[in-house]
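*Asks:* Got a structure here, written out as structure tokens. Questions coming.
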Amino acid sequence: MLIFKKSMSNKILNFSINQKDIVKCKDFTNNVVNQTYNRFKKELNERKKRIFFGKLGETIFFNYLISLNKKINNDDMFKIFIGENNADNFDFKTIDNQTIDIKTAYENFHNRIVIPEDQFENNKAKDFYVGIKIFYNDKTAKIYGYTSKKNLLLNKKQNFGEGYAYWEYLNSLSNIEFLIKKI
């Protein structure tokens, strides 16, 4: 069951994470880890952590949309794309076919969403990016909001230690309700 409430800022949404979704995302991670692109040349456990939290962020957003009675097709959400060069093209779409990608922060020091330049440039950018932060020990998550491709371009790319990326601070994201109206 999805439990959420608006924060005092009327922008950030708070959620409880259920065990069923955790198990499903862990199973997905274990099944897909050897099929994914090791972009940052990380060790297996770090790769699993990144895949798991990314998928958990997508699941939280999906559950939120369902709680709003949005008609979302998630048939490919747990699909395994065979081969390191194959991946989903987007996480969600708006009613007018604009693409949405979910970006998940999960470490205490994570305070921005980051989109690696190879996921953004050469016509790979999504129209919108949603920022979610997971507080795993508390089994909670927050949807901070969203940003657009246009806004990320204004920030310009920066190297945060793993190569150049486009970025936005979580606390600078736009109110998610504006994007939800498009879904």
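The values are calculated or read from the model by the stated rules, or taken from the named source; none is laboratory data. Quantities reported herein were computed from a predicted structural model and do not represent experimental measurements. We place every Cβ from the backbone using ideal geometry, glycine too, and count neighbours over all the protein chains shown.
*Asks:* For segment 101-127, which residues satisfy the criterion of being within 17 Å of Ile12 (Cβ to Cβ), crowded, with 18+ Cβ neighbours inside 10 Å and of a type outside the set (D, E, K, R)?
*Replies:* Selection gives Ile102, Thr104, Ala105, Tyr106, Ile113.
*Asks:* On to the next question. Looking only at segment 141-163, count every residue that is more than 15 Å from the chain's Cα centre (by Cα) and crowded, with 16+ Cβ neighbours inside 10 Å and tell me the total.
*Replies:* Counting residues in segment 141-163 that are more than 15 Å from the chain's Cα centre (by Cα) and crowded, with 16+ Cβ neighbours inside 10 Å gives 3.
*Asks:* With the requirement that a residue be of a type outside the set (Ser, Thr, Tyr), more than 16 Å from Phe62 (Cβ to Cβ) and under 17 Å from the mean Cα position of the chain (by Cα), what does segment 21-31 give you?
*Replies:* Matches in segment 21-31: Lys26 only.
*Asks:* Residues Phe53, Phe28: which one is modelled with pLDDT of 90 or more and under 26 Å from Asn159 (Cβ atoms)?
*Replies:* Phe53 is the lone residue from the list that is modelled with pLDDT of 90 or more and under 26 Å from Asn159 (Cβ atoms).
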